[in-house]
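Peer 1: Structure in structure tokens, see below.
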2 protein chains.
Amino acid sequence: MQVQAVGEFALIARLQQRLPPPQEARVVCGIGDDCAVLRLPAGSDLLLTTDTQEEEVHFRRAWATPEDIGWRCLAVNVSDIAAMGGMPVAAVVALSLPPDLEVAFVEGLYDGLQAVATAYSCPIVGGNVSKTAGKLAVTISVLGEVPRGQALRRSGARVGDEIWVTGTLGEAKAGLEALRHAPRLAGLATERVCERYRRPRPRLHEAWYLREHGGLHSLIDLSDGLSSDLAHICQASGVGAVLEAAQLPLAEETRRVAAALGADPLAYALHGGEDFELCFTAPPGRIAPLQADFTRRFQCPLTRVGYICAGRGVTLQLPDGRCHPLPVAGYDHFQAATP
Amino acid sequence: MQVQAVGEFALIARLQQRLPPPQEARVVCGIGDDCAVLRLPAGSDLLLTTDTQEEEVHFRRAWATPEDIGWRCLAVNVSDIAAMGGMPVAAVVALSLPPDLEVAFVEGLYDGLQAVATAYSCPIVGGNVSKTAGKLAVTISVLGEVPRGQALRRSGARVGDEIWVTGTLGEAKAGLEALRHAPRLAGLATERVCERYRRPRPRLHEAWYLREHGGLHSLIDLSDGLSSDLAHICQASGVGAVLEAAQLPLAEETRRVAAALGADPLAYALHGGEDFELCFTAPPGRIAPLQADFTRRFQCPLTRVGYICAGRGVTLQLPDGRCHPLPVAGYDHFQAATP
């Protein structure tokens with residue numbers, strides 16, 4: 001059955017049925033009014049972020065289930081909350097739907113949204129349904145909170161800071177390339193990288209831990225790619241950065257996919273977007289003592305990849321010691337091919 | 001110059017330059033990080049709402065300037081905050097842009113957004129820019145606040161309540177029809193109704209006043225049309241409503257446009273969406289004493305149009321006393337023609 005056969009208000013009722021009533025006491029009023037009403041204890045600063053996922057730009061239906069797409073749509077927003085060191089409070093979802101889209105597809109998408117809502121305690125409290133003459137698009141806005149004065153911004157990096165990243169880099173890019181070139185990779189294990197691409201895991205609790213224990217000066221999530229996102233930190237902070245290529249954490253599967261496609265895995269790690277790992281800067285010596293506890297707690301590596309210096313832009317230091325300026329080559333919507 | 005020639009990050013920088021730094025002390029961090037950071041005094045409940053405006057669905061470039069379109073995009077969200085009796089805190093703007101869109105158009109749109117941001121103290125604190133293969137779409141989410149426990153919901157209407165509306169009804173519909181059939185209306189004064197369609201004025205301060213003084217039981221803004229929006233109140237409250245056709249406030253210009261097009265002005269008032277007037281219910285006798293003060297203060301009529309009764313749905317009482325059930329004929333995205 002198609003969306004246009006059900007109508008706007010019946011569709012909203014069906015979608016609402018797929019969402020359990022929010023368990024959070026702070027949701028005073030959820031879906032079904034002009035606004036959601038939320039009640040927070042005093043002492044928090046509020047975080048507000050928005051992100052759009054468009055079919056054929058951010059995802060393809062051939063490569064992901066409706067649940068995967070829903071997961072991704074909310075996860076990327078939760079990652080922005082993580083990137084400030086906060087926790088989500090609630091989300092609102094604006095759907096732009098082609099009239100001939102199947103209702104079952106939208107319901108699957110909502111199941112994926114709800115999976116993230118449950119996993120990260122980010123109840124969906126409202127939204128909007130609109131017709132579009134174009135492709136499916138999902139814009140989500142998330143309200144978050146962080147202890148007063150504790151939000152971690154891009155602009156706090158200082159000369160001498162160490163640069164660290166969580167997890168491994170370039171896997172989402174490897175997954176995207178594996179999906180694009182599936183026939184050429186027959187027999188190669190690609191499930192893990194494809195899953196990284198399809199279902200990004202925001203580092204929410206990791207960021208909270210690091211904010212509480214790590215004395216961080218700046219924090220960003222890796223959505224556009226390390227070269228681009230670290231450049232954002234440098235620009236906002238008025239500093240430069242040196243990345244040590246030999247230190248970049250790469251998974252074995254990423255290396256194998258890149259090798260099979262004749263690509264440089266280092267380029268995946270530097271410029272591949274959508275890993276949604278954290279990149280942060282902290283005073284020298286602050287993070288290393290936390291590494292063992294962090295890794296045990298979150299099953300997630302924590303790797304020092306460079307340092308902040310005076311100047312501008314990001315410099316890449318190769319294993320042989322040579323340095324060269326790193327071009328910002330992360331994702332730009334209007335200067336990139338579609339996936 | 002087209003959007004694709006400028007690129008995502010340079011475009012964001014250009015748009016940011018069109019927005020003055022927020023004057024509000026509660027904006028701790030505006031555009032340029034993963035999230036905006038906002039600080040509110042204790043004692044408020046938070047409101048969160050989102051709305052999308054799509055080209056060819058909600059607006060046409062032929063009928064409105066870029067500034068008009070920007071105005072509309074933020075105004076409809078501010079109206080949702082008004083519809084809870086709240087005040088806006090901040091907005092985030094997600095743009096879906098065709099790559100060949102002119103940068104000057106997007107800048108004009110931002111000027112329109114900023115005009116609303118200034119008029120209603122709703123600073124734009126962040127957003128997202130995405131490419132789309134479809135038409136221009138703008139999704140805005142607004143955070144608002146209302147004194148704790150004071151949010152006015154749709155679900156509070158009680159049997160015996162009076163039903164009131166602000167302003168005059170059907171003007172946006174008259175404006176839309178006037179734009180559609182401009183050649184047939186040559187010589188007729190339509191500027192006022194066209195302006196109502198192009199630049200809806202959220203009844204923000206009016207709603208705040210009514211919440212403080214009117215003992216309101218329920219409140220909604222008229223976005224889909226009175227028949228549809230009042231039905232939302234009835235459904236949410238588990239009550240019925242009687243609308244008295246003779247009482248519906250219609251402007252002379254609306255009557256003239258309808259007459260020239262052979263249409264029923266009552267249908268404009270009942271089913272025409274996008275007036276963004278307020279519709280509310282209150283105990284008998286509570287509102288009439290406020291009428292003179294309200295009208296003087298806001299230069300806006302306040303009209304009793306019916307009452308809440310037991311039962312379900314909305315009944316229309318004609319001037320001759322006959323009653324019939326009012327079909328819900330407001331705007332449904334998937335069961336309506338495009339404008």
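Every number here is computed from the coordinates shown, using simple stated rules; none is lab data. Just so we're clear, the structure is a prediction, and the values are computed from it rather than from any experiment. Please note: Cβ atoms are built from the backbone with ideal geometry, for glycine as well, and neighbour counts cover all protein chains shown.
Peer 1: Listing A:303, A:166, A:139 from the residue with the fewest other Cβ atoms within 10 Å to the one with the most, what is the order?
Peer 2: Values: A:303 17, A:166 26, A:139 32.
Ranked by crowding around the Cβ, least crowded first: A:303, A:166, A:139.
Peer 1: Let me ask something else about it. Shape verdict for chain B, please, from the Cα gyration tensor: rounded (a/c under 1.5), prolate (a/b greater than b/c) or oblate.
Peer 2: On the way: a/c = 2.12, a/b = 1.34, b/c = 1.58.
Cα axes put chain B in the oblate bin.
Peer 1: Let me ask something additional. Using a Gaussian network model of chain B whose springs link C-alpha atoms within less than 10 Å, name the residue from B:217, B:271, B:181 with the highest mean-square fluctuation.
Peer 2: For chain B, modelled as a Gaussian network with Cα springs under 10 Å, the answer is B:181.
Peer 1: When B:59, B:276 are ordered from fewest to most other Cβ atoms inside 10 Å of their Cβ, what list results?
Peer 2: Numbers: B:59 20, B:276 24.
With the sparsest Cβ surroundings first, the list reads B:59, B:276.
Peer 1: Just to be sure I understand: with springs between alpha-carbon atoms less than 10 Å apart, which residue in B:92, B:37, B:314 has the highest mean-square fluctuation in the Gaussian network model of chain B?
Peer 2: Highest fluctuation among the options: B:37.
Peer 1: Moving to a separate point now. What do you get for the angle between helix A:171-180 and the principal long axis of chain A? Use alpha-carbon atoms, 0 to 90 degrees, nearest ten.
Peer 2: Roughly 60 degrees, rounded to the nearest 10.
Peer 1: What is the local net charge at residue B:162, summed over the other residues whose Cβ is closer than 15 Å to its Cβ (Lys, Arg +1; Asp, Glu -1)?
Peer 2: Details: positive: B:158, B:286, B:304; negative: B:161, B:244.
My count for the surroundings of residue B:162 gives +1.
Peer 1: Taking chain B as the reference, fit the longest principal axis to its C-alpha atoms, fit the long axis of helix B:204-213 to the helix C-alpha atoms, and give the angle between the two in degrees, 0 to 90, nearest 10.
Peer 2: Tilt relative to chain B: about 50 degrees.
Peer 1: With a cut-off of 8 Å between alpha carbons and a minimum separation of six or more residues, what is the relative contact order of the range A:61-156 in percent?
Peer 2: Working: 153 pairs, mean separation 42.8, N = 96.
Relative contact order for the range A:61-156 comes out at 45 percent.
Peer 1: From Cα pairs below 8 angstrom and at least 6 apart in sequence, can you work out the relative contact order of chain A, rounded to a whole percent? Before the final figure, lay out the partial values.
Peer 2: Numbers: 766 pairs, mean separation 73.7, N = 339.
22 percent.
Peer 1: Rounded, prolate or oblate for the range B:4-76? Axes are the square roots of the Cα gyration tensor eigenvalues, ordered a ≥ b ≥ c, and the cut-off for rounded is a/c under 1.5. Working shown, then result.
Peer 2: On the way: a/c = 2.41, a/b = 1.37, b/c = 1.75.
Oblate, because a/c is 1.5 or more while a/b does not exceed b/c.
Peer 1: Between rounded, prolate and oblate, where does the protein assembly as shown land on the alpha carbon gyration tensor, with a ≥ b ≥ c its root eigenvalues, rounded for a/c under 1.5, else prolate if a/b exceeds b/c? Provide the component values of the computation, followed by the final result.
Peer 2: Details: a/c = 2.09, a/b = 1.89, b/c = 1.11.
Prolate shape, in that a/c is at least 1.5 and a/b is the bigger ratio.
Peer 1: Right, another one. Between residue B:264 and residue B:1, what is 0.36 nm times their sequence separation minus the Cα-Cα distance? Round to one decimal in nm. Before the final figure, lay out the partial values.
Peer 2: On the way: separation 263, 0.36 × 263 = 94.68 nm, distance 4.52 nm.
So the extension gain works out to 90.2 nm.
Peer 1: Extending each Cα 7 Å along its Cβ direction at residue B:252 and residue B:309, get the distance between those two points in nm, one decimal.
Peer 2: Result for the modelled spin labels: 3.5 nm.
Peer 1: Would you list B:135, A:173 from fewest to most Cβ contacts within 10 Å? Spell out each step's value before the answer.
Peer 2: Values: B:135 18, A:173 28.
If I rank by nearby Cβ atoms, fewest first, I get B:135, A:173.
Peer 1: Of all DSSP beta bridges located in the range A:3-147, what percent are antiparallel, nearest 5?
Peer 2: On the way: 22 of 30 bridges.
Expressed as a percentage, antiparallel bridges in the range A:3-147 total about 75.
Peer 1: Summarise the partner chain shielding of A:71-82 as one whole number: the mean count of Cβ atoms from other chains within 10 Å of each residue's Cβ.
Peer 2: On the way: counts 0, 0, 0, 0, 0, 1, 3, 0, 1, 5, 2, 2.
For this peptide, the per-residue mean of nearby foreign Cβ atoms is 1.
Peer 1: In chain B, which residue puts its Cβ closest to the axis that turns chain B onto chain A, and how many whole Å away is it?
Peer 2: B:134, 1
Peer 1: If I take all pairs of Cα atoms in the range A:221-339, what percentage of them are more than 16 Å from each other? Provide the component values of the computation, followed by the final result.
Peer 2: Working: 4584 of 7021 pairs.
That fraction is 65 percent.
Peer 1: Right, something else. Report the label-to-label distance for residue B:298 and residue A:10 in nanometres (one decimal), using points 7 Å from each Cα along the Cα→Cβ vector.
Peer 2: Taking the simple label geometry, residue B:298 and residue A:10 are separated by 3.6 nm.
Peer 1: In the neighborhood of residue A:277, defined by Cβ-to-Cβ distances under 13 Å, what is the net charge if each Lys or Arg adds +1 and each Asp or Glu adds -1? List each step's numbers first, then the result.
Peer 2: On the way: positive: A:173, A:196, A:201, A:203; negative: A:171, A:206, A:221, A:224, A:229, A:274, A:275.
For residues surrounding residue A:277, the net value is -3.
Peer 1: Let me confirm one metric for peptide B:142-148, namely the mean number of other chain beta-carbon atoms within 10 Å of its residues' beta-carbons. Intermediate results must be reported in sequence, preceding the final value.
Peer 2: Working: counts 4, 6, 3, 2, 2, 0, 3.
Mean partner-chain Cβ count within 10 Å for B:142-148: 3.
Peer 1: Let me ask something additional. Among the lysines, select those whose C-alpha is under 25 Å from the C-alpha of residue A:135, and discard any that sit fewer than 8 residues away in the same chain.
Peer 2: List returned: A:173, B:131, B:135.
Peer 1: Does a label point 7 Å from the Cα of residue B:40, set along Cα-to-beta-carbon, have any residues of the range A:90-114 with amide nitrogen under 17 Å, and which are they?
Peer 2: Those under the cut-off are A:90-92.
Peer 1: What does the average come to when, for each residue of peptide B:5-11, you count the partner chain Cβ atoms lying within 10 Å of its Cβ? Before the final figure, lay out each step's value.
Peer 2: Values: counts 2, 2, 5, 8, 11, 3, 3.
Counting Cβ atoms of other protein chains within 10 Å of each residue's Cβ and averaging gives 5.
Peer 1: Restricting to Cα pairs below 8 Å that are 6+ residues apart, what does the relative contact order work out to for the range B:3-147? Please round to a whole percent.
Peer 2: Dividing the mean separation by the residue count of the range B:3-147 yields 38 percent.
Peer 1: Cut-off 10 angstrom, C-alpha nodes, Gaussian network model of chain A. Which of A:245, A:104, A:267 fluctuates the most?
Peer 2: A:104
Peer 1: Quick one: net charge of residue A:33's neighbours, Cβ under 15 Å, K/R +1, D/E -1?
Peer 2: Taking every Cβ under 15 Å from that of residue A:33, the sum is -3.
Peer 1: Provide the packing ranking of B:107-114, A:292-299, i.e. peptides ordered by the mean count of other C-beta atoms within 10 Å per residue, highest first. Please report the intermediate quantities before stating the final value.
Peer 2: Working: B:107-114: 21.6, A:292-299: 12.5.
By packing density, highest mean first, the sequence is B:107-114, A:292-299.
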